[in-house]
Amino acid sequence: MYCEEYEKNLIEEMMQKRLMNGSVVLMEDTPKKNRIEKELASWQSVFYDGDPLTDFEVDVQRMYLGQKLYKHSKYEKRKSMRFKVRWTISDLNRYQD
């Protein structure tokens, strides 16, 4: 609830400050417009992607994703029908002796 409300307010604030529909800024207001757009872009990236990661955090994330991919590929191989043996009742009776 709070996140949706915050996102709605953020988008509303952004749209109030951003020029739309082909409007053109006055020449003397261009630096202010550029500053506002740069600030909006940084806040939008923080809101949707989170704070930028440090080099250490990037390495940890990369190792975690690598391990997760390895685990998933092992799972897929284990669940594959190619590696499963289907035993019928006659096979079980034949090999029980």
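Only the coordinates and a few stated rules stand behind these numbers; no lab work does. Predicted, not measured: the structure shown is a model, and the values here were computed from it. With ideal geometry, Cβ positions are generated from the backbone for all residues, glycine too; neighbour counts draw on all protein chains shown.
Rounded to the nearest 20, the Cβ-based charge dipole of the range 54-97 about its Cα centre (Lys and Arg +1, Asp and Glu -1) stands at 320 debye. When the charge dipole of the range 54-97 is built from unit charges on Cβ atoms (+1 for Lys and Arg, -1 for Asp and Glu) and taken about the Cα centre, the candidate among Tyr64, Tyr95, Ser80 whose Cα reaches farthest toward its positive end is Tyr95. The label-point distance for Ser45 and Glu5, in a model that sets each label 7 Å from Cα toward Cβ, rounds to 3.0 nm.
Normalised Debye scattering of the range 54-97 at q = 0.19, 0.21 Å⁻¹ gives log10 I(q)/I(0) of -0.71, -0.76, counting only Cα atoms as equal scatterers and leaving out solvent.
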